[in-house]
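The values are calculated or read from the model by the stated rules, or taken from the named source; none is laboratory data. From a predicted model like this one, the values you see are computed outputs, not experimental measurements. FYI the Cβ positions are ideal-geometry reconstructions off the backbone, even for glycines, and counts take in every protein chain you see.
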Amino acid sequence: MAKFVPPPGLAALVDEVVPGARLLRSWPLAGGVSASVIAVEYTVGGQPGRLVVRRYGPRDLAARPDAALVEQRVLLLLRARGLPVPAPCLADPGGRLLGAALLVTSFVEGTGHEAASDRRAAAQDLAELLARLHGLQWVEGELAFLPAERDRVARWLADAPTRPDAALDEAEVRAALMRRWPPEPPAAQVLLHGDAWPGNVLWAKSGCTLVDWEDAARGDARYDLGVSRLEIAMLWGWRAVQAFTGRYRLLRPSLDPRSLPLWDLVAVLRSAGRLEQWGLGAADLRRMRRARRAFAARALAALDRGDS
């Protein structure tokens with residue numbers, strides 16, 4: 001593993017966020033694929049503090065050049081409604097400070113999904129966070145600054161690759177979605193996390209926190225559910241998926257479970273050609289491919305039975 005080298009200008013950035021602060025150390029945080037995420041520790045007036053610096057990558061900025069400002073706005077909206085998310089401290093969309101667009105947030109204490117001893121309970125924690133997020137009320141137009149989830153899916157369906165992901169049976173997944181898309185619109189649009197997998201949750205005694213809101217969107221809550229169900233299946237297995245779904249349905253009983261297979265396939269299509277970009281070891285990559293293929297087969301079979 002290459003030695004971590006802090007980006008030039010980091011000390012000046014910390015001083016701008018916390019005037020008079022002195023940088024003590026910095027280290028990379030795991031989980032970033034499209035963005036580079038580092039933690040910094042500083043001291044000011046003899047008191048220590050920590051921050052998180054997220055530098056957006058080319059993929060994020062190509063889709064959303066103002067990603068730093070959008071994520072900052074999302075976090076402010078959610079904190080105003082009491083959702084446990086990091087506090088935005090500084091947005092630098094032009095890359096003035098470190099040469100790349102970035103957002104600085106508060107540091108959230110907690111453990112990652114790797115430390116979960118009870119995977120089904122951890123999956124239920126994520127379900128509770130999403131149910132709380134999807135239950136927030138918004139005035140008309142308040143989320144208009146966010147991309148629509150349906151536009152994303154429409155682009156994925158229209159942009160068929162010349163070489164479909166053979167490890168996934170992508171062509172079959174696409175065909176099944178094309179026959180049924182678009183579904184009936186939801187009764188109300190919600191704010192979507194967009195990438196609600198266990199790696200974006202931090203667990204602590206005080207509760208759980210959702211982080212990494214760079215993929216936030218507006219639309220159908222089932223989009224988030226499909227992403228979560230697929231990721232949980234690949235990480236923790238089908239029983240954890242059932243625990244996640246059961247807890248969410250308990251908290252939001254209006255959800256019709258028969259509609260989930262279609263959104264499971266949306267999540268599967270979203271992951272097509274992407275597993276190889278996650279920096280997985282060969283064994284983990286094979287395991288996740290198998291789990292994803294089984295997940296897709298289960299969703300396809302449910303659609304054939306008319307469960308959606």
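Below are the figures for this structure:
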| quantity | calculated |
| --- | --- |
| Of all residues making up the range 214-246, the number that are within 30 Å of G141 (Cα to Cα) and either out of contact with any Pro (no Cβ under 6 Å at 6 or more places or on another chain) or of a type in the set (G, A, S) (or both) | 16 |
| Long-range neighbours under 8 Å by Cβ, at least six apart or interchain, first residue over 27 Å from G207 (Cα atoms) and outside the structural domain of R64 (by TED's automatic domain parsing) within the range 128-149, second buried (at least 16 other Cβ atoms within 10 Å of the Cβ) and at pLDDT below 95 | P147/R64 |
| Residue identified as closer than 24 Å to D284 by Cα and more than 16 Å from the chain's Cα centre (by Cα) among A175, A196, A188, A167 | A167 |
| Complete set of residues in the range 152-211 that are more than 21 Å from D60 (Cβ to Cβ), assigned to a loop (DSSP other than H, G, I, E, B) and among the acidic types (D, E) | D165, D169, E184 |
| Selection within the range 56-70 - touching a strand residue (DSSP E or B) at 6+ places or on another chain (Cβ under 8 Å) and either of a type in the set (A, V, I, L, M) or more than 15 Å from G99 (Cα to Cα) (or both) | D60, A67, A68, L69 |
| Some residue of the range 161-182 being assigned by TED's automatic domain parsing to the domain that holds P253, farther than 24 Å from R289 by Cα and among the small types (G, A, S) | no |
| Residue match in the range 277-286 (condition: hydrophobic (A, V, I, L, M, F, W, C) and surrounded by 20 or more Cβ atoms within 10 Å (Cβ to Cβ)) | no |
| Qualifying position, being under 17 Å from the mean Cα position of the chain (by Cα) and assigned by TED's automatic domain parsing to the domain that holds A188, among R290, R286, R249, R222 | R222 |
| Single residue of T111, T105 found to be surrounded by 15 or more Cβ atoms within 10 Å (Cβ to Cβ), among the hydroxyl-bearing types (S, T, Y) and under 25 Å from E128 (Cβ atoms) | T105 |
| Elements of type helices (runs of 4 or more DSSP H) in the range 1-85, at least 3 residues being within 20 Å of A217 (Cβ to Cβ) | 58-63, 67-80 |
